[in-house]
Amino acid sequence: MASYSTNEFRGGLKVLLDGDPCIMLENEFVKPGKGQAFNRVKLRNLMTNRVWERTFKSGESLEAADVVEQDMEYLYTDGEFWHFMLTDGSFEQFAADAKAVGDTVKWLKEQDVYTITLYNGAPLSVTPPNFVELEVVDTDPGMKGDTAQGGSKPATLSTGAVVSVPLFITIGEVLKVDTRSGEYVNRVKSS
Amino acid sequence: MSASPVWHPAASRQVLENRAQLLGYVRGFFSERQVLEVETPVLGRHGVTDVNLDGVPAAVDAAGVQGGWLQTSPEYHMKRLLAAGSGSIFQVARVFRNGERGRRHNPEFSMLEWYRIGFDDRQLMAEVADLVCGYLGCSVPVSLSYREAVMSVAGIDPMTIPDEELKQYCEQWLEPEQLAGLGRDGCLDLVMSFVVEPELGRQEPVFLTRYPASQAALARTSEDAGFEVAHRFELYINGLELCNGYWELTDPDEQRKRFQADNRLRRASGKPEMVVDQAFLSALDEGLPACSGVALGLDRLLMLKVGTADIQDVLAFPLERA
């Protein structure tokens, strides 16, 4: 496996640290004019999502982690695994377990495209697009004509996600939701 | 990654003007003091032996000269001019240091280097203060010895702390196996970079002086309060290291010893040994007049002027865009 020396350190690099795949978030180069150079690095452990801070002497190196991100379409779940298919035309399928899917499970809609992080060829995490469009399957009755008023109520979406929506939203409507904040954005015009 | 390269400059139009104005200020400053502006090669046949400075190798092929190095500083060439009787000189030079890139570093940068015949380190520090504070409008720098600075900020005595204790102290940043390959000065550099430097020059500009003799580089040394110290100084403003100056070593034998010691260190740390610049040593043999010299990072001075913490804001095209 390839390795990266401190001169190659930069944000986005995928490396192995203490046996775990990590992504480099920040790389701070420090060096007193005539002195020894150091790299102070922030990394996110892709297994635990914890952020680590480590210091390296100039010239030290880290092993590269076989981590790649690929776009895949969500197909279905069999209860144990969630199945995805590459969108590159190869039809190659990957099965992600509950740990890899994590909280993204509440944004998974069949035929939508997600970013799958593969570690040594196996799904490590599933990242939803920033916005998803999902149908309301349950909410208190709507109050027509109350569009300008404030106030909100919970609505359950087709995936099971519960978001806070304005009072006028009714069952059957399709909503655009920001997956980063879990917040309602707007109604999507239904056909 | 195949992101298309950015063609736009990183520095704003305003900062380009600031840079032009700074160059004008520097030239006016030295013209008034009758210091001669010179130019020396950016591409030289030799690199430096300093274990912590990596030059950028060149691939020149002309007149029987092959290889060569982009210079890490114009020091050797300028000292040859001094030995040849140039009198006091200054230069705005482009210099190159491999591997150095960060918020305060770009592998290519602008260095203002000058030498004053007959000055000692104190006199040159006063001139640096005039130049810098005349430009930034800051208060006159205070002086602090390396030992005082490390003791007051880090709480350890850099001159007396046993190696083992120093290593233990450094374990807050490095694993024991990483520390195994780091010498005493390397450990002190760690303490300096991570603990002391950020605090230097916060209230007012600070000259750090009287470095441990092991960090003398090309400075004279003498005894101070029972410790061998170097006549070397650095100016810090807001935690930013601005310059590095010496009361220059003029003894060619001592210089030869330091070159050899550098190459021993290089060997020990697995770096290639550097061919010693014999022309520079010959100039010293001929006689370098007593002088002090200093190198000041112009990009960093500009950073302080425009109030940015990122060198990229003052460079038209930092490495990634160059």
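For residue B:190, state whether it is buried (at least 20 other Cβ atoms within 10 Å of the Cβ), in contact with a Ser or Thr (Cβ under 7 Å, 6 or more places away or on another chain) and at the interface with chain A (Cβ under 7 Å from one of its Cβ atoms). The answer is no for residue B:190.
Selection of region B:232-249 for residues being over 24 Å from residue B:194 (Cβ atoms) and either away from chain A (no Cβ under 11 Å) or more than 11 Å from the chain's Cα centre (by Cα) (or both) yields B:247, B:248, B:249.
Yes/no per residue for (1) modelled with pLDDT under 95; (2) closer than 30 Å to residue B:227 by Cα; (3) out of contact with any Cys (no Cβ under 7 Å at 6 or more places or on another chain):
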{"position": "B:101", "(1), (2), (3)": "yes, no, yes"}
{"position": "B:112", "(1), (2), (3)": "no, no, yes"}
{"position": "B:115", "(1), (2), (3)": "no, yes, no"}
{"position": "B:121", "(1), (2), (3)": "no, yes, yes"}
{"position": "B:126", "(1), (2), (3)": "no, yes, yes"}
{"position": "B:137", "(1), (2), (3)": "no, no, yes"}
{"position": "B:142", "(1), (2), (3)": "no, yes, yes"}
{"position": "B:146", "(1), (2), (3)": "no, yes, yes"}
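For region B:69-91, the tally of residues that are open to solvent by less than 40 Å² (accessible area, probe 1.4 Å) and either in contact with a His (Cβ under 6 Å, 6 or more places away or on another chain) or of a type outside the set (Ser, Thr, Tyr) (or both) stands at 12. Selection of region B:99-133 for residues being open to solvent by 10 Å² or more (accessible area, probe 1.4 Å), within 14 Å of chain A (Cβ to nearest Cβ) and not in a loop (DSSP other than H, G, I, E, B) yields B:102, B:105, B:109, B:111. Meeting the requirement of 3 or more residues that are touching a helix residue (DSSP H, G or I) at 6+ places or on another chain (Cβ under 7 Å), the strands (runs of 3 or more DSSP E) wholly within region A:38-129 are A:122-127. Residue pairs whose Cβ atoms lie under 6 Å apart, sitting 6 or more positions apart in sequence or on different chains, and linking a residue in region A:46-59 that is over 30 Å from residue A:102 (Cα atoms) and at the interface with chain B (Cβ under 9 Å from one of its Cβ atoms) to a partner that is part of a loop (DSSP other than H, G, I, E, B) and of a type in the set (Phe, Trp, Tyr), are A:55/B:173.
If we only count strands (runs of 3 or more DSSP E) wholly inside region B:38-98, which ones have 1 or more residues that are over 16 Å from the mean Cα position of the chain (by Cα) and under 21 Å from residue B:26 (Cβ atoms)?
Working: elements: B:56-62, B:65-70, B:89-96.
Ranges flagged: B:89-96.
Within region A:72-106, the set of residues being surrounded by 16 or more Cβ atoms within 10 Å (Cβ to Cβ) and under 21 Å from residue A:182 (Cβ atoms) comprises A:74, A:77, A:82, A:96, A:100, A:101, A:104, A:105, A:106. Examine region B:2-13 for a residue that is closer than 30 Å to residue B:268 by Cα and within 14 Å of chain A (Cβ to nearest Cβ), and state whether such a residue exists. Within region B:2-13 (the criterion being closer than 30 Å to residue B:268 by Cα and within 14 Å of chain A (Cβ to nearest Cβ)), the answer is no, since none of the residues qualifies.
The values are calculated or read from the model by the stated rules, or taken from the named source; none is laboratory data. Because the structure is predicted, anything quoted here is derived from the model rather than measured. When we count neighbours, we look across all protein chains shown, and the Cβ atoms used for this are built from the backbone with ideal geometry, even at glycine. For the accessible areas, the whole protein counts, side chains as well, though only heavy atoms, and no ligand, DNA or RNA atoms are used. Shrake-Rupley method; radii C 1.70, N 1.55, O 1.52, S 1.80 Å.
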